[in-house]
Amino acid sequence: MGKTMSKLNAFLCLLILTGFLSARASESYASTDLSTGQTVYVPVYSHVYQGDRENPVYLAATLSIRNVDPGKSITVVSANYHDSKGLLLKEYQEGPVQLSASSSIRYVVAESDKTGGSGAFFKVIWRSKAPVNPPLLESVMISTKSQQGISFTSRGEVLSEGTVPEVHTDAHEKILRLASEWVPALTSGNIEKGMSFYTEDALVAGPGKDDVNAGPKKIRELLAHHLNGYIVTDGSFRVCAVTVDKDWAELTGEFKAVWKPKKEGVAEEKEFSNYIWVLNRQRDGSWKIARFLFYPAD
């Protein structure tokens, strides 16, 4: 009888230990499921192909961001749309957007917008003050042309885990705003407005060995030559990437414009250039260009 009770007690201890370990494992699994922020890649298809001739079928796409946490809010820092080459096409938010518990937000890429291509994607950054159930991010593609309907979904994939520093978010917003003001400054023809983009010790350099302009005097002469002699039309500036490291940042992008001469008999110039800006944060919190490199795009 004593041996039987001893075996029974050992068996009960084993069950208790097993249950304890299972509970701890369950708790551990639950805690790893929670997050305070992520960067998420969501595939989007502005079109797909059909038939042997690969005829395109254009699609309307909806990005859905759902805060599935029943009790806590999250902040969607950014939702940026990129094309098949990874180039930024559109920022769907001007700033952070808060989603309350169990709420959602959606962004639509019109069927007529063909710029993304079959490899387009959204890159979404979100954060929260406390650990939450990560939001559900997916895209829904649909088309109903020619009596044939097509629809499918794509689920987001987490690129990185972790919170997004507020200072970087603020810096990105200010730099992107500066970039959005670049083309209007050129088309205005105002030299002083153009000079306001640069630091006092700025340098502007092109592809040639003589295309180096250091300091405000040289940069002003460069701007005067272009803005006094030409009118900028059809200008566009596409930001490809922004990287921030404390008080310094790097921006890469593509600039397109037509420079129409003010004098008759001079041929217009079409520009398609890659831009690299090295920016420095100023004492007032603004950002200015310290180094500006440009070279012809492929």
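Below is a table of values for the structure above.
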read-out: First in region 269-283 and aromatic (Phe, Trp, Tyr), second anywhere and surrounded by fewer than 15 Cβ atoms within 10 Å (Cβ to Cβ), Cβ under 6 Å, 6 or more apart; value: 272/297
read-out: Verdict on residue 175 being closer than 25 Å to residue 240 by Cβ and either open to solvent by less than 40 Å² (accessible area, probe 1.4 Å) or free of Cβ contacts under 8 Å to residues at least 40 places away in the same chain (or both); value: yes
read-out: Residue within region 118-129 that is modelled with pLDDT under 90, within 22 Å of the chain's Cα centre (by Cα) and farther than 28 Å from residue 60 by Cα present; value: yes
read-out: Unique match (being among the hydrophobic types (A, V, I, L, M, F, W, C) and in contact with a strand residue (DSSP E or B) (Cβ under 7 Å, 6 or more places away or on another chain)) among 185, 224, 214; value: 214
read-out: Residue list for region 285-298, restricted to those being in a loop (DSSP other than H, G, I, E, B) and under 16 Å from residue 177 (Cα atoms); value: 285, 286
read-out: Those residues of region 25-61 which are within 18 Å of residue 119 (Cβ to Cβ) and modelled with pLDDT of 90 or more, in sequence order; value: 40, 41, 42, 43, 44, 45, 59, 60, 61
read-out: Cβ-Cβ under 8 Å pairs, at least 6 apart or on other chains, region 26-53 side surrounded by 16 or more Cβ atoms within 10 Å (Cβ to Cβ), far side modelled with pLDDT under 80; value: 36/162; 36/163; 37/162; 37/163; 37/164; 38/162; 39/164
read-out: Residues of region 223-241 that turn out to be of a type in the set (A, V, I, L, M) and under 14 Å from residue 272 (Cβ atoms), as a count; value: 1
read-out: Strands (runs of 3 or more DSSP E) enclosed by region 186-278 - at least 2 residues per element that are surrounded by 12 or more Cβ atoms within 10 Å (Cβ to Cβ) and touching a Gly at 6+ places or on another chain (Cβ under 6 Å); value: 230-245
read-out: Residue count, region 279-298 (criterion: surrounded by fewer than 14 Cβ atoms within 10 Å (Cβ to Cβ) and within 21 Å of residue 225 (Cβ to Cβ)); value: 2
read-out: Condition check for residue 137: surrounded by 14 or more Cβ atoms within 10 Å (Cβ to Cβ) and touching a Gly at 6+ places or on another chain (Cβ under 6 Å); value: yes
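Residue-by-condition table, conditions (1) more than 23 Å from residue 244 (Cβ to Cβ); (2) out of contact with any strand residue (DSSP E or B) (no Cβ under 6 Å at 6 or more places or on another chain); (3) among the β-branched types (Val, Ile, Thr):
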site	(1), (2), (3)
80	no, no, no
89	no, no, no
99	yes, no, no
105	yes, no, yes
128	no, no, no
157	yes, no, no
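Matching residues to (1) of a type in the set (A, V, I, L, M, F, W, C); (2) over 30 Å from residue 260 (Cβ atoms); (3) open to solvent by 60 Å² or more (accessible area, probe 1.4 Å); (4) touching a helix residue (DSSP H, G or I) at 6+ places or on another chain (Cβ under 9 Å):
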site: 94; (1), (2), (3), (4): no, yes, yes, yes
site: 104; (1), (2), (3), (4): no, yes, yes, no
site: 112; (1), (2), (3), (4): no, no, yes, no
site: 115; (1), (2), (3), (4): no, no, yes, no
site: 144; (1), (2), (3), (4): no, yes, yes, no
site: 162; (1), (2), (3), (4): no, yes, no, no
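The values are calculated or read from the model by the stated rules, or taken from the named source; none is laboratory data. Keep in mind the model is a prediction, meaning the values are calculated, not measured. Glycine gets a Cβ as well: all are built from the backbone with ideal geometry, and neighbour counts include every protein chain shown. Just the protein is used for accessible areas: all its heavy atoms, side chains included, with ligands, DNA and RNA removed. Shrake-Rupley method; radii C 1.70, N 1.55, O 1.52, S 1.80 Å.
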